[in-house]
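Enquirer: The structure is given below, and queries will be raised subsequently.
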Amino acid sequence: MILRPFFKHYGAKYQLSSLLPAPRYKHIVEPFAGSACYSLLHGAGRDVTLCEIDPQTAAIWRWLVAAAPSDVLALPGKLEEIEDVRTIDAPEPARWLVQRWLTPQGSRSNFRAPPSVLALAATAGHETSFWGVGIRQRVASQLPHIRHWRIVEGHWEDVCAGEATYIFDPPYQHNEGSTGGIYGKGATLPDFSRLAAVVRSLPGQIIVHEQEGAAA
């Protein structure tokens, strides 16, 4: 079972994840979970642990794992009807879920879809690019496949133990200027020397994302 993204998240690599090696272990661990693209492709029949230090992203995942399809289907269905996501009659993580679909990269500062998005969403081929009936139905239908997922809100190292398929996708080493606004207020880069040491010591299958120029 291949799942589609539950929400937009800066730095998500859904298409790229399909090019990565398939997991060799029953347990998949994502220490920097974000929108968990690798687990979406491979985690429906495996144990999955998602670790996320950002409280908002962790809360969205916890809500999704516990929510009933009817909880999602009760959310607004039309993008143009959302005047302000903060007024949606739903738990706060559900409102954050909708908010992530209001802009191309899942901005946390927009409380309604900007005019450019409303225009784009109305064009053919973009029916599931932003929040709407299609996304709402997709998210609701996928919930049963993530009931067994474990969500940990904490430091990436909290879940680094034991044999598993580990997928590391941290904020990149030379990305200092974007952490606060993109990854969340107060976000900081990890200790890359420590991260490199832990990655090299772990048993199991290790997959790491980085960009050219990384030194750790």
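FYI, it's all coordinate maths here, none of it is from the lab. Predicted model, so just to flag it, every value in this text is computed and none were measured. Heads up, the Cβs are rebuilt from the backbone with ideal geometry, glycines too, and the neighbour counts pull from every protein chain shown.
Enquirer: Could you calculate the FRET efficiency of LYS26 with ASP84 from 1/(1 + (r/R0)^6), where r is the beta carbon distance between them and R0 is 35 Å, rounded to 0.05?
Expert: FRET efficiency, LYS26 to ASP84: 0.20.
Enquirer: While we're looking at this one, here's another question. Straight-line reach from LYS13: which aspartates and glutamates have Cα under 20 Å away, leaving out those fewer than 8 places along the same chain?
Expert: GLU30, GLU52, ASP54, ASP169, GLU176, GLU210, GLU212
Enquirer: Still on this model: Show which aspartates and glutamates lie in cross-link reach of LYS78 when reach means a straight Cα distance below 12 angstrom and same-chain residues fewer than eight apart are skipped.
Expert: GLU127
Enquirer: Now for a separate question. Angle, helix 55-66 long axis vs. longest principal axis of the chain, Cα atoms, 0 to 90°, nearest 10?
Expert: Compared with the principal axis, the helix lies near 80 degrees.
Enquirer: Just check the range 72-141 against the gyration tensor rule for me: Cα atoms, a ≥ b ≥ c as the square roots of the eigenvalues, rounded for a/c under 1.5, and otherwise prolate or oblate depending on whether a/b exceeds b/c.
Expert: oblate
Enquirer: Here's another thing I want to ask about it. Straight-line reach from LYS26: which aspartates and glutamates have a Cα under 12 Å away, not including same-chain ones fewer than 8 places off?
Expert: Output for LYS26: ASP47, GLU163.
Enquirer: Let's see if you can work this out: charge +1 on each Lys and Arg Cβ, -1 on each Asp and Glu Cβ, no other charges. What is the dipole magnitude of the chain about its Cα centre, in debye to the nearest 20?
Expert: So the magnitude is around 440 debye.
Enquirer: Follow-up question, since we're still on this one. Per residue, what volume in Å³ does the Cα convex hull of the chain take up?
Expert: 124
Enquirer: Pull up all non-local amide H partners of VAL152: gap of 5 or more, or a different chain, and H-to-H distance under 5 Å with H placed in the peptide plane.
Expert: LEU50, CYS51, GLU52
Enquirer: Using only Cα atoms, find the angle between the long axis of helix 133-142 and the longest principal axis of the chain, and express it within 0 to 90 degrees, rounded to the nearest 10.
Expert: Helix 133-142 sits roughly 40 degrees off the main axis of the chain.
Enquirer: A follow-up question, please. Check which residues have an amide H placed less than 5 Å from ILE206's amide H, if you skip close sequence neighbours.
Expert: The list, which skips near neighbours in sequence, is TYR166.
Enquirer: While we're here: Calculate one ³J(HN,Hα) per residue across the range 123-131 by plugging θ = phi - 60° into the Karplus curve 6.51 cos²θ - 1.76 cosθ + 1.60, and present them in order as whole Hz with x for glycine and proline.
Expert: Each residue of the range 123-131 in turn: 8, 4, x, 10, 4, 10, 8, 9, 4 Hz.
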